[in-house]
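Colleague: My structure is below; once you've seen it, I'll send some questions.
Nothing in this text is a laboratory measurement; each read-out follows from the coordinates by a stated rule. Just so it is clear, the model here is predicted, and its values are computed rather than measured. No Cβ is skipped: glycine too gets one built from the backbone with ideal geometry, and neighbour counts run over all protein chains shown.
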Amino acid sequence: MKVSRGTRLSLRVVALGYLFALVGVPIAVILWRTFSPGLSEFLASISTPAAQSALNLSLLIVAITVPVNVVFGVATALALVRGGRFRGRGLLQAVVDLPFAVSPIVVGVSLIMLWGAGGWFGALDRAGFKVIFGLPGMILATIFVTLPFVVREVEPVLHEIGLDQEQAASTLGANPWQTFWRITLPAIRWGLTYGIVLTVARALGEFGAVIMVSSGFAGVSQTLTLLVHSRYIDDHNTYGAYAAATLLMGIALVVLLLMTVLDRKRSDR
């Protein structure tokens, strides 16, 4: 179907207007309210012990979540693509996609039912190893909600590269580990990197699942997203909430730019 130039321009204007109203205006309001009192006020707000602790905790959760999901994601993608048809393959596919379908709040409630004092694994809590309302529970929640990204980015790359190079390496005497490190891993590195960037972005911004399994105490188990919620709802510190949101948005922007650069490199290759 041939579309006139005027129609194309109208569609672009509508799309850009919609994005501006939905994304641009809220971001502009946040930035204006953050920096209108001055840069010094913003720096003072994000330099408080609670803000520094929230930032450090968010980065710690990311530092633990990403390696776990990289190992699981690559192993799962290899099992789905290179493992052939095995019993339980459909169930594994469903489990990988489950975080996309389940509300994060439901994830948090499920973790409480499993790891809470009265849950299936409540013996750990009663023995003094606190999972829920502590760092372990927040890490478990974040791992679950970020589980699919590495798998779904690596899986199509494995389909694309095929088996020829791996079979050639095996014919030349390479063992499975040598084949993986020297052939498979370099071939999937861009898909893996893209999956890692998506995992980092989701882990930094996760709120629903984390708030259910966190005590929310400042300096103890409060991430940046929880800090924004606490300052705005509990403390009625509107400016502090905007400042924390701007800090989180700045980190997300860096991740987004990195994702764009990696996507262009992957497309070029």
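Colleague: Which of V74, L16, M113 sits farthest toward the positive end of the charge dipole of the chain, with +1 on the Cβ of Lys and Arg and -1 on the Cβ of Asp and Glu?
Modeller: It is L16, whose Cα lies furthest towards the positive end.
Colleague: Which residue, L256, L39, L31, has the most motion in a Gaussian network model of the chain that connects Cα atoms within less than 10 Å?
Modeller: Among L256, L39, L31, the largest GNM mean-square fluctuation belongs to L39.
Colleague: Treat every Asp and Glu Cβ in the chain as -1 and every Lys and Arg Cβ as +1, leave all other atoms uncharged, and give the resulting dipole magnitude about the Cα centre to the nearest 20 debye.
Modeller: Details: 20 positive and 13 negative charges, 156 e Å.
The dipole magnitude comes to about 740 debye.
Colleague: Take each of the peptides 72-85, 162-175, average the number of other beta-carbon atoms within 10 Å over its residues, and list them starting from the highest.
Modeller: Numbers: 72-85: 16.4, 162-175: 12.3.
Averaged packing, sorted descending, gives the order 72-85, 162-175.
Colleague: List W120, W115 from most exposed to least, where exposure is judged by having the fewest other Cβ atoms within 10 Å. The partial results should precede the final answer.
Modeller: Values: W120 9, W115 23.
Going from least to most buried by this count: W120, W115.
Colleague: Stretch A28-S4 to full length: gain in nm at 0.36 nm per residue minus the Cα-Cα span?
Modeller: Details: separation 24, 0.36 × 24 = 8.64 nm, distance 3.37 nm.
Taking 0.36 nm per residue and subtracting the Cα distance, the gain is 5.3 nm.
Colleague: I would also like to ask the following. What number comes out for the charge environment of G84, summing +1 per Lys or Arg and -1 per Asp or Glu over other residues with Cβ under 15 Å away? Provide the component values of the computation, followed by the final result.
Modeller: Values: positive: R82, R85, R87, R89; negative: E155, E166.
Its environment carries a net charge of +2.
Colleague: Using only Cα atoms, locate the centre of segment 198-212 and the centre of segment 80-102, then give the distance between them in Å, rounded to an integer.
Modeller: 23 Å
Colleague: In which sequence would V106, V23, V62, V150 go, from the one with the fewest C-beta neighbours within 10 Å to the one with the most?
Modeller: Numbers: V106 13, V23 10, V62 21, V150 29.
If I rank by nearby Cβ atoms, fewest first, I get V23, V106, V62, V150.
Colleague: Net charge near P99: determine it from the other residues with C-beta under 15 Å of the C-beta of P99, scoring Lys and Arg +1 and Asp and Glu -1. Before the final figure, lay out the partial values.
Modeller: Working: positive: R152, R202; negative: D97, E153, E206.
Neighbourhood net charge equals -1.
Colleague: Between V261 and A123, what is the label-point separation in nm under the 7 Å Cα-to-beta-carbon projection?
Modeller: 5.0 nm
Colleague: Here's another thing I want to ask about it. Order these by the 10 Å Cβ neighbour count, fewest first: F149, F133. Spell out each step's value before the answer.
Modeller: Values: F149 24, F133 21.
Placing the least packed residue first, the sequence is F133, F149.
Colleague: Which value in deg cm²/dmol, rounded to the nearest 500, describes the helix-derived mean residue ellipticity at 222 nm for the chain, given -39,500 (n - 2.57) per DSSP H run of n ≥ 4 and division by the residue count?
Modeller: Working: 15 runs with 198 residues, N = 269.
Helix contribution divided over all residues of the chain: -23500 deg cm²/dmol.
Colleague: Assign one of three labels to the chain, namely rounded, prolate or oblate, based on the Cα gyration tensor with a ≥ b ≥ c the square roots of its eigenvalues; rounded applies when a/c is under 1.5, prolate when it is not and a/b is larger than b/c, and oblate otherwise.
Modeller: On the way: a/c = 2.03, a/b = 1.21, b/c = 1.68.
The shape class here is oblate.
Colleague: Along the charge dipole of the chain, pointing to its positive end and built from +1/-1 on Cβ of Lys, Arg, Asp and Glu, which listed residue (G208, A252, Q52) has its Cα farthest out?
Modeller: A252
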